[in-house]
Amino acid sequence: MDFREITEFFKDIMWYVIVFAIIILVLTFIVGFQTVAGNSMDPTLKDGQVVLVSRLSKNIKRNEIVVLNNNGKSYVKRVIGLPGEKIEYMDNILYINDEPYKETYLNDDVKTYNFLFIDVCEDCNNGVIPEGKYLVMGDNREESVDSRDKNFGLIDKDDIKGKVFYSILPFKSIK
């Protein structure tokens, strides 16, 4: 029996084990995949589309698309309101702290029904989104279940699992 052959075999196998371990670590802690379910993000993201999600990003900004858990389900939504802000919708215009805000990512034909911040957060005595919470909405406002629904509500920062940063499937949607 030649120990050199056995040693070479283990050296070769070790590289595969290391590469496999790195891939598992990256997929577990850094990047994940998410399939978009439903039409709530249409036309930005379509039902069945697969996106890459950065799990490291915890600095959440307005307009970012995030993956979140709510009531035991996983959702893909857009961040509209940040902690410390008052969010309202009147006559199809988003108001942030009583100032109109243009949502450039929405098609012109998208209609958003009116809501006041008190409708979203009855417990928010000071009238603003509490620290560590976010208001999220789908881009397809007429079909989206999101923070406007009292059963969905504002999202805890800890329930945001990551930011969508790349679309991979179907191939024609890669961006």
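The values are calculated or read from the model by the stated rules, or taken from the named source; none is laboratory data. A quick note: this is a predicted structure, and the numbers were derived from the prediction, not measured. Cβ atoms come from the backbone with ideal geometry, glycine included; neighbour counts cover every protein chain shown. To get the accessible areas, we keep the full protein, side chains included, count just its heavy atoms, and leave off ligands, DNA and RNA. Shrake-Rupley method; radii C 1.70, N 1.55, O 1.52, S 1.80 Å.
Brief remarks follow.
- Which numbered condition Val67 fails, given (1) more than 13 Å from the chain's Cα centre (by Cα); (2) not in a loop (DSSP other than H, G, I, E, B): (1)
- When the criteria are applied in full, Ile65 fails the requirement of being more than 19 Å from Phe152 (Cβ to Cβ) and at pLDDT 90 or above.
- Boolean, Asp47 is more than 16 Å from the chain's Cα centre (by Cα) and without any contact (Cβ under 8 Å) to a residue 24 or more places away in the chain: no
- So Pro130, is it of a type outside the set (A, V, I, L, M), in a loop (DSSP other than H, G, I, E, B), in contact with an Asp or Glu (Cβ under 6 Å, 6 or more places away or on another chain) and open to solvent by less than 80 Å² (accessible area, probe 1.4 Å): no
- Pairing residues of segment 154-167 that are over 12 Å from Asn69 (Cα atoms) with residues that are part of a helix (DSSP H, G or I), at Cβ distances under 8 Å and at least 6 apart in sequence or on separate chains, gives Ser167/Ser173.
- Residue within segment 84-91 that is surrounded by 14 or more Cβ atoms within 10 Å (Cβ to Cβ) and at pLDDT below 90 present: no
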